[in-house]
């Protein structure tokens, strides 16, 4: 996903509501999907996405058009979700990949069933690994952030991001093997 135009960011920084609406319409679906994959509940994801954009609007004056706006936005969304988890006392957040049926265009019922079953196994395995590992996997593989961006987003050192990603893949492999 390309970054939104710097002129729009500059206008939003000056509390131009039309510019904020442009940002909202550009990122709304992506932020909702990101949050949904972390919380696995549509209504909660909608509420948390709304809260994310309320926080973005409240902090428009801190936008730096020369910096990575997308990373800043995802950092806010991640913090909103983690705050919500802390308030709810949830320690088993789920990492969800899009609709398991998406992209399966086949009339072979057995093949489709096996793909769905493997996807379900993956989702269950992801649910058994540490929340930070799910978050790093989501940001790296699904959202396309690089190591440096994840470092900024999660406010952790670069080597920690690399370690979490390594451990996440290892933990996911073990969880898949246990579930088989």
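Read-outs throughout are calculated quantities, based only on the coordinates presented, and are distinct from any laboratory measurement. Since we're looking at a predicted model, the values are computed, not measured. Note that each Cβ is placed from the backbone with ideal geometry, even for glycine, and that neighbours are counted across all protein chains shown.
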Report the extension gain between residue 29 and residue 167 in nm, rounded to one decimal, defined as 0.36 nm multiplied by the number of residues separating them, less their alpha carbon distance.
46.7 nm
For the pair residue 55 and residue 158, the simple spin-label estimate (label points 7 Å beyond Cα toward Cβ) gives in nm 2.6
Full extension from residue 16 to residue 146: what is 0.36 nm times the residue separation minus their Cα-Cα distance, to one decimal in nm?
43.7 nm
For each of 141, 74, 27, count neighbouring Cβ atoms within 10 Å of the residue's Cβ, then give the residues from fewest to most.
141, 27, 74
Over all directions, how big on average is the projection of the convex hull of the alpha-carbon atoms in segment 121-173, in square nanometres?
3.2
Distance histogram for segment 1-93 (every C-alpha pair counted, 5 angstrom bins, percent rounded to whole numbers)
3, 14, 26, 24, 16, 10, 6, 2, 0
Using a simple spin-label model with points 7 Å from Cα along the Cα→Cβ vector, what separation in nm is obtained for residue 82 and residue 46?
2.8
